[in-house]
1. Which residue pairs have Cβ atoms closer than 7 Å, lie 6 or more positions apart in sequence or on different chains, and pair a first residue in the range 133-161 that is closer than 14 Å to Phe64 by Cβ and free of Cβ contacts under 8 Å to residues at least 40 places away in the same chain with a second residue that is surrounded by 17 or more Cβ atoms within 10 Å (Cβ to Cβ) and acidic (Asp, Glu)?
2. Of the residues in the range 111-147, how many are open to solvent by less than 20 Å² (accessible area, probe 1.4 Å) and not in a loop (DSSP other than H, G, I, E, B)?
3. Among the residues of the range 10-36, write down those that are without any contact (Cβ under 8 Å) to a residue 40 or more places away in the chain and not hydrophobic (A, V, I, L, M, F, W, C).
4. From the list Leu74, Leu70, Leu78, which one is open to solvent by less than 50 Å² (accessible area, probe 1.4 Å) and touching a Phe, Trp or Tyr at 6+ places or on another chain (Cβ under 6 Å)?
5. Does the range 56-79 contain any residue that is β-branched (Val, Ile, Thr), under 25 Å from Val165 (Cβ atoms) and in contact (Cβ under 8 Å) with a residue 60 or more places away in the chain?
Amino acid sequence: MEKDRAQMLERLLTSYATWYDVSRCSASDAPLAATAEYHEVGTAYVLSRKAEMWSAARNEYVYFFSVPELTEALFRQLVEQAGALGEPRIVPHKEHMYSYIVAVILCESAEEGALRALKRYRRRKDFQFSLHGWMEIHATVIELGRGAILSNPDGRRTAKSLKNVLDPKPKRWSFGAKRKA
């Protein structure tokens, strides 16, 4: 099963490497296997770049963990570790819109207590009443034994994108309505 987790991790990192800066962790950092960062700044101008209307910075810090079995205590430890690693990297300022800290946990099996804790987990922090943006922690568990991808309420979008990465289905294109003869 260790081999399955390693293969799944490779698929995830290959997919993330398209848009994120991915770096692998050493064996001494286990269960942390890799990290990924994404930074984006959107800006609107009027006539020239000197007349800037607005600017919004978005950041995402992803931490990949790999464990054989996920318990409730281990889940809480890993999510807190992701928060402790990600929060110091967030620099709120007037152009900061949001930063997401994402914990992706690969496991062979998960206890029911861990899955209940996952579904209830929420952590959000506003910076200066959201004038300098906000921070959320998204948690996603990939349980290889059942083939399930589960997330906390804030991490639904992350879980959906991981499902598309791990189980791609061909898209059916529709070019207008079909006519009946």
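The values are calculated or read from the model by the stated rules, or taken from the named source; none is laboratory data. It should be emphasised that the depicted structure is a prediction, and the values quoted were computed from it without experimental measurement. With ideal geometry, Cβ positions are generated from the backbone for all residues, glycine too; neighbour counts draw on all protein chains shown. The area values use the complete protein model at the heavy-atom level, side chains included, leaving out ligands, DNA and RNA. Shrake-Rupley method; radii C 1.70, N 1.55, O 1.52, S 1.80 Å.
1. Note: pairs meeting the criteria are His138/Asp154.
2. Pass one, the range 111-147, residues open to solvent by less than 20 Å² (accessible area, probe 1.4 Å): 113-115, 117-118, 133, 135, 137-143.
Remaining after also requiring not in a loop (DSSP other than H, G, I, E, B): 113-115, 117-118, 135, 137-143.
Final tally of qualifying residues: 13.
3. Residues of the range 10-36 without any contact (Cβ under 8 Å) to a residue 40 or more places away in the chain: 10, 14, 17-19, 21-30, 34, 36.
Correct list: Glu10, Thr14, Thr18, Asp21, Ser23, Arg24, Ser26, Ser28, Asp29.
4. Going through Leu74, Leu70, Leu78 in turn, the sole match is Leu78.
5. In the first step, residues of the range 56-79 are kept if they are β-branched (Val, Ile, Thr); the result is 62, 67, 71, 79.
Within this subset, residues satisfying the condition of being under 25 Å from Val165 (Cβ atoms) are 62, 67, 79.
Imposing the further condition that a residue be in contact (Cβ under 8 Å) with a residue 60 or more places away in the chain reduces the set to 79.
Yes: one or more hits.
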